[in-house]
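Taken together, the values in this text are just the output of simple stated rules run on the coordinates, not laboratory data. All of these numbers come straight from a predicted model, not from anything done at the bench. Using ideal geometry, Cβ is built from the backbone for each residue, glycine included, and neighbour counts are taken over all protein chains shown.
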Amino acid sequence: MFTGIVEALGHIASVETVGGDRRLRIETAGSYLDGVQVGDSIAVSGVCLTAVELLSHAFVADLSVETLDATIARSWVVGTKVNLEKALTPAKPLGGHLMAGHVDGVGHLREKHEDARSWRLSFEAPAGLARYIARKGSVAIDGVSLTVNEVQGTRFGVNIIPQTWTHTTLGALQPGSAVNLEVDLIARYLERLIEAREIKE
């Protein structure tokens, strides 16, 4: 589990095709990876990946065909910047919202404009995901926990404060940019509970 509070920025240092899927080396500066062990989970722009090898200031992760098909990871190349977050621990503050690191789909930035010191961003979600996104609810965009300001059809808007703008990859997005989306877990489970009740009845 993750919280959607980005802890560090990294970049894709190498991309290797192995047996039809991919192996990435992801580098980050400083001591961020201190304490990480092989087998630990790290969210990379919202995608939960397992560290299969640890190097100096870097870790290696395998991406399955399913992950490549369902996320923007398929477009990552050497130099692509990514948001990083280690898995939630009992001692870690839950500053964002609970996230699984299982990307639900790919959305696209449609508009961006300044609003005082913040930025307003408008995204379009796939039609099948839009029903899970509610005003004042939570959504994860490239692994960043955000509050939804407004919803209209398949479009929704968020506000990005200066801290988030400069310390995540969101500040580099341009209209048309693709992003990983993870909708709120509660909405997912609530829908399933309703479906199960309808089947029982």
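Taking label points 7 Å from Cα along the Cα-to-Cβ direction, Ala116 and Leu190 give a separation of 2.9 nm.
Between Ser64 and Arg23, the modelled labels are 1.8 nm apart [label points 7 Å from Cα along Cα→Cβ].
Reported to the nearest whole Å, the Cα centre-to-centre distance from segment 107-181 to segment 40-93 is 21. Helix 185-200 axis versus longest C-alpha principal axis of the chain: approximately 60°, rounded to the nearest ten. The gain in end-to-end length when the His102 to Gln37 segment is fully stretched comes to 21.3 nm, 0.36 nm per residue minus the alpha carbon separation.
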